[in-house]
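> This is the structure I have questions about; it appears just below.
The values are calculated or read from the model by the stated rules, or taken from the named source; none is laboratory data. Keep in mind that what you see is a predicted model, and the values were worked out from it rather than measured. Cβ: placed from backbone, ideal geometry, glycine included. Neighbour counts: every protein chain shown.
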Amino acid sequence: MECEEEKYTQQLKVQKDYNQGVLEYCLPWFIIARILKEAFDTCDICTCVHSHDYRDAVEQQRLAPAAAIKTRHYSYPDKKECEQNLYVFRFTQAHLLVTKHELDRDDMCPIHRFSVDKGHQPKFNFDKDGSTRWTDCSSRWKRSLVVVSKRVYSYVLTNLFTDLKLDDGDLPIKPFKYGYHAVKTLRVYYCSSFDKFLTSDSPFKERLKVVDKIHLQGLHYINLDIFVTHMPTIKSINHFGPVQDFSIPILFTKFRNLTSINLFSACTLGYKGPEYFQPISTLLKPGTRITKIILPEHFDWDSLDAQVKQNLRAISSPDLNLNIKQEDFPNLNHIVYGVSIRDLGLFVPATVVKVTFSAHKKGLLDLLVEQAPQVHIVRFKKPLPYQTPELVIGLDKIQSSINQKSIKRIIIDSQTAILESNVIRFKELGYEYLGSTHSNTSHYKLQFKLIENNNIENNNNIDNNNIKNGIDNDNTSNNNNNNNNNNNNNNNNNNNNNNNNSQQLPNNIIRQIISMVWNLRDRCTCIYITRILDVWNRCTTKILDKEGFLEYFESIKNQCSVHFSTKITYSPLGFNGIDVNRSRLQLSLISKDIFNLIKLNHFNHLFIPIHILNRHCSKTNNDYCILENINSILVPKDEYTYNNYVDINDNIGNNNNGTDDIQQQLNEKERLAITKIECSIKRSIDFIQKLSNIKSLVLLDGDIDADTRPKLLGAIDGFKFLTKLDIRHLTDIDTLRSLGSTLKGKAITKLYCSHYINITDDVKQSLISISINSKQLKILNQCPNVNRLHLTCKKGNQIKLPNRIKKITTSTYYTTQSLQLNPSVQTFKYIDLCSHSYIYILLMELSDVGHIQRFMYRSGTINPPILDMSDTCFEIDYSTSRITGATPRYSTTHMYSSFQMYNQFTLSFSRAEK
C-alpha cells in the first residue's frame, strides 16, 4: 500500500514539474494572437519559382484533351470499334514531364509544402487566356489552425476566418443554421448571386450585419438596395459587374459608413458619354467619409466640393493626362491610370507616392521617374478579369522598360506563375522577388522590391571575387591538368605501342554505324500490350494511380528510337516527322566530323517547298547550317496553297510560276546537287529544264498543253541519271506516245504511268516496279524483271499475277480480293487516301491470307488509332513518318506567323508466330 502511495506521489510530482515548465515558457495570449494574425495574413504569399520546362509540361497537360483525337473510327462493314481517344495517352506523357520538372518539396513555399504533406498536388497556372480556375491553397492551412486548441479555435473563427465567397450553386444556409460553418464572423464578402441567400428564414442574414467590405462579381445586375438594408456597416465596395445609371445615387448616398468605391472593373450599361458619372459631383456632400473613388470613365474631379477633394486619397484617370489642380487635393497619394496611354503626356501630383497602370508602353516608367521622382510604388493591374490576352501586361514588356532604379517596389498582376528566368532578370535589374498573392482580376500579384545599393555592391564584389578566384583556380587546375595530360599521353603512347587493341575504330566503320543509326531513327516503336490498352480504356486518367504503370509507359518510350528524348506530347505511331528529324539531328552533335557527314550525305533528301528554299538560300552561308546540300524540292500543285507561298515570299515578283527566283538564287553547283523533285508541270517546267542530275521525277498533276509538251519531253531526255519517273496523273496520249523514244537508253527501274505505249524493250527489261490496273496485265509479259506492282482493281476483279510478283501497293480496297490467287505475294501495302475506316477489316482479311508476311499501311490524313492486335494474326513492328509539305499558319490577327507541317506515316505489320 505504501508503495502504491509513493508511486502516485511521484507521478504527481512529475506532472507538477511538467505543468510548471509549460507555464514558465508559455507566451501571453495577446502575443499568440498577434502571431496567429500575422501568420494568417501572410501565409498566402507564394514564393515558388518554376522552370520553363515545367511550364511547358503543365501547358501540354492542360491542352491534352484538345490535342488528342476525340472521334472514334470504325472498320466497315461490321462497325467494330477502332480505338479511340488519345487523351489518356497525351495526358500520361505530360504527367511524366510534369513530375520530372516539378519543384521538389524543399524548394516550395510553406503553403504548397503543407499541401504536399497532406497528399494534395499543388496547381500552378500558365494559361495566358485565363481559362484555368485559380485555387487558394492557403485555406487548407488556415483551417488546420482550428484543431490546435479550443481558444485558438474560437479566435480563428471569430477574428481571422472572415472571408466568404459564394458562387451561384452554393447553399450555405444549412451550415450557418446548425453553427458548424467555419466563418463565424463575416467581414469580407464575395458575391456573385445574392438574393437567394436572403430568404426570411435564413440564418445567413445575421452574419451580414457586420460585413465591412464586399466584392460584387458576376455578369448580372445586382439590386444595391438589398445591401443597404442587410449590410449597414459596409465601408468598401469593389464592383466587377454591370452598373446602371440609377445605381450611382445608391452607391454614393445610402451607404453611410462607406469610405472606398472601386468601379474600375465595372461595366456601364446604357453608357451615354462622359457625363455618365458626372452626377457624383452633386451627390457627394461635405462631411462624406469617402476617401477613395476609382471610376472606369472620365470624370471632372474639379467639380467636386472643396471639402470632398481634400478628403480624397485615391482617384482614377482613363488616360495619363489627369486634369486637376494639385493644391485642391492635398491628401492625394494614389492614382489609377486607365488603358488609354497612347500619348505619353503624364501628370502626377507631388503628393502621390503610388501609381497603378492598367496598360504599358515603352518609355512609360522612364517618364514616370522623370515627372514624379517621389513615386516609390508602381503597380500594373489588369482592369478586367476577362481581358483579352493581347491586352495583358507581360513581364517581358515591363523588364525591358526598367532602366532607372528609383522605384522601390513594383507590383505586377499576372495571369501566369512566375518563371526562374523572370526572377533572374529582375535581379539583374536590381529587384528582388518577394512572392505572389491572389488578385481580384488575375491569378497572381507578383511583388518585387528594390535591392539596396550596398547589397548590390556587396553582391557584385562577392561575385567578382568568386570569378577572380575561379579564374585563378582554373589556371592552377589547368596547369596541373596539362601536366597530368602530358603524363597520361606518354603513358597512353606506351600502352598503344604495347597493345594495338586500344586503337580507335576506322572512319569508314564509324560512318557506316552513323548511317545505320540514321536510317533506324525514323521508326517509332511505342507499342503497348493488350492488357495495358484494356486498363487504359477502363480507368482513363485514374490509371496514373496504378502501381508500375508509369514505369512501364516510360520504358516503352525510352526504347523508341524516335521519342526516347522528346519533351513534348506526341501521338504513338503517328505523325512524327518533326520528332524523326529532331532525333536524327541529335547525331550531328557527337563531333564535327559526324556533323559534316550528316550534312553531306543524310540531311539533304528533303522535299522543300519553293518558298522555304528561297528563304533558306540566303542563310546557307554559315558553318553551322546543317541543311546546306539540298537534293530535293517540292513545288505544290494546289492553287490556293501556291498563291499563299507567293504572297508570303517577298522575293517572288510577278513571274508566272514562281520558280524564276530559284534559278536566280541557286548557282550551278547547287542546281547540280538536286536529284529529286516533286512538282506540277506548268509551274516548274522552266525550272526543271535547268536540272541535269535528276534521278527521281514525280509530277503531281497532268496539266499539259502543246507548248508545255516539248519542254517536258526535252527535260526528261536530258536527265541522264533518271531511275524513277512517276507521271501516273498524265493522260495526254501524245505525250505518252513520245515518251518511249525519250526514255530509250535510260536505266529506268521505276516507271508509273497510265499507258505504256511505245516503251522500248531495253526500258522494259530494266523495270522492276510499274503501276497498272486490272486491264493492263499483258504488260507484265513484256517486263520480265518486274517484281513489284502498284495495282488498281475494281469490285469483282480477281486477277492472277506472275509468280515473280512479291509486293503489291494499292489505294483501292478491292485489290485484296485477288491476294488469295497469288501466293507469291508476301508484302501488301495499302495507301489510305481518306481515313482509317479499313485498317481493322484489312488486318482481319489479311490474317486469312497465310502467304502475306508483311502488311504496310500509309496515311496522311489523321493520326492512327492505338491498335489492339489480339484478334488478328499480325503484330505491329514500327511506324515511320516523314514531312511531306507545309502550309502557312496565321495568327489571330490574320498575319503570317509560321508554317504548319504536313506529315505522312506508314505502319508496318508482320505476321505473328502463334
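> What are the residues in the range 511-549 that are in contact (Cβ under 8 Å) with a residue 40 or more places away in the chain, part of a loop (DSSP other than H, G, I, E, B) and closer than 18 Å to ASP871 by Cβ, if any?
Once the filter is applied, which keeps residues that are in contact (Cβ under 8 Å) with a residue 40 or more places away in the chain, part of a loop (DSSP other than H, G, I, E, B) and closer than 18 Å to ASP871 by Cβ, the range 511-549 yields ILE527, TYR528.
> Could you check the range 700-728 and list, in sequence order, the residues that are touching a strand residue (DSSP E or B) at 6+ places or on another chain (Cβ under 7 Å) and either at pLDDT below 90 or among the acidic types (Asp, Glu) (or both)?
If the condition is that a residue be touching a strand residue (DSSP E or B) at 6+ places or on another chain (Cβ under 7 Å) and either at pLDDT below 90 or among the acidic types (Asp, Glu) (or both), then LEU700, ASP726 are the ones that fit.
> Scan the range 276-291 for residues that are hydroxyl-bearing (Ser, Thr, Tyr) and either in a helix (DSSP H, G or I) or closer than 11 Å to PRO249 by Cα (or both) and jot them down.
If the condition is that a residue be hydroxyl-bearing (Ser, Thr, Tyr) and either in a helix (DSSP H, G or I) or closer than 11 Å to PRO249 by Cα (or both), then TYR276, SER281, THR282 are the ones that fit.
> If you don't mind, another one. Quick one: which of THR815, THR810, THR792 is over 22 Å from SER847 (Cβ atoms) and buried (at least 18 other Cβ atoms within 10 Å of the Cβ)?
Among THR815, THR810, THR792, only THR792 is over 22 Å from SER847 (Cβ atoms) and buried (at least 18 other Cβ atoms within 10 Å of the Cβ).
> Moving on. Might you let me know whether the range 567-574 holds any residue that is assigned to a helix (DSSP H, G or I), surrounded by fewer than 21 Cβ atoms within 10 Å (Cβ to Cβ) and not acidic (Asp, Glu)?
no
> Which one of these is surrounded by fewer than 18 Cβ atoms within 10 Å (Cβ to Cβ) and modelled with pLDDT of 80 or more: SER131, SER154, SER115?
SER154
> Tell me the residue from LEU585, LEU597 that is assigned to a helix (DSSP H, G or I), within 27 Å of LEU691 (Cα to Cα) and at pLDDT 80 or above, please.
Exactly one of LEU585, LEU597 is assigned to a helix (DSSP H, G or I), within 27 Å of LEU691 (Cα to Cα) and at pLDDT 80 or above, namely LEU597.
> Here's a follow-up. Please verify whether the range 731-748 includes one or more residues that are exposed (fewer than 14 other Cβ atoms within 10 Å of the Cβ) and touching an Asp or Glu at 6+ places or on another chain (Cβ under 7 Å).
yes
> Go through (1) among the acidic types (Asp, Glu); (2) at pLDDT 85 or above; (3) more than 18 Å from THR815 (Cβ to Cβ) and name the single condition GLU845 misses.
(3)
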